[in-house]
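Each reported figure results from applying straightforward, stated rules to the coordinates on display, with no laboratory input. For clarity, every value in this text was computed on a predicted model and none was experimentally measured. Heads up, the Cβs are rebuilt from the backbone with ideal geometry, glycines too, and the neighbour counts pull from every protein chain shown.
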Amino acid sequence: MSGPAGGPTVLVINANAGVVQARQLVRALAQQCRLSLVEQTKLITAASELARNTLIYGGGGTMTAALVEERGRRGVRLVFADQGPGIPDVELALTDGWTSGSGMGLGLSGSRRLVDDFVLDTAPGQGTTVAITKWAR
C-alpha cells in the first residue's frame, strides 16, 4: 500500500469510502513502521478525525502518507490537504472540547494530542493543510 519505491501514497478523500481507505492505509503503514498497538491506535484515530474533517469541512481533499526516517527515528507522516474555506479562528479550533460539527468530538486539539508532531497551515479562503507524524518508540 505504499507508493512507487516506497515513496508517498496520495489518497483522494471525497466520500466516506476515502475516510475508510485512509484508516486502512494508516494501519498498514503503522504496522510496517512497527508502532506499538497503542501508538497505532492513536495514529489511526487522529488520521480518521483529520480525514473526516477534510471531507466535511474542506469539501474533500487528499491524504499523503509515507514512512519517514529522521535523526535515526522511523515514523509515519500524514499530510491532509483541502481547498476548503480554511479555518477562521485557529486558536478556537485548537481548543480542547471545541467542535463545529458532529464528528467524534476529538477535533484538531484531540488529534494534536494523539501524535508526536502536528503542523496546521490554514487561512480563510485558502484551504487547510495538517501534517502529523507519529514516531516509533
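Side notes on the structure shown:
- Extended-chain gain in nm, criterion 0.36 nm per residue less alpha-carbon gap, Ala15 and Asp116: 33.6 nm
- Counted by Cβ distance under 13 Å from Gln21, the other residues give a net charge of +3, where Lys and Arg count +1 and Asp and Glu count -1.
- Dipole of region 9-135, positive end: most advanced residue of Gly125, Thr45, Ile13 [Cβ charges, Cα centre]: Thr45
- Pairwise FRET efficiency - Gln83 versus Ser109, Cβ, R0 = 22 Å, nearest 0.05: 0.40
- The magnitude of the dipole of the chain, with charges of +1 and -1 set on the Cβ of Lys/Arg and Asp/Glu and taken from the Cα centre, is near 600 debye.
- 16 Å cut-off, amide nitrogen to a point 7 angstrom out along Ala28 Cα→Cβ, residues in region 50-75: 63-68
- Gyration tensor over the Cα atoms of the chain: the corresponding equivalent ellipsoid has semi-axes (square roots of 5 times the eigenvalues, largest first) of 23, 16, 13 Å.
- Put the Cα centre of region 1-65 next to the Cα centre of region 75-98 and the gap is 15 Å.
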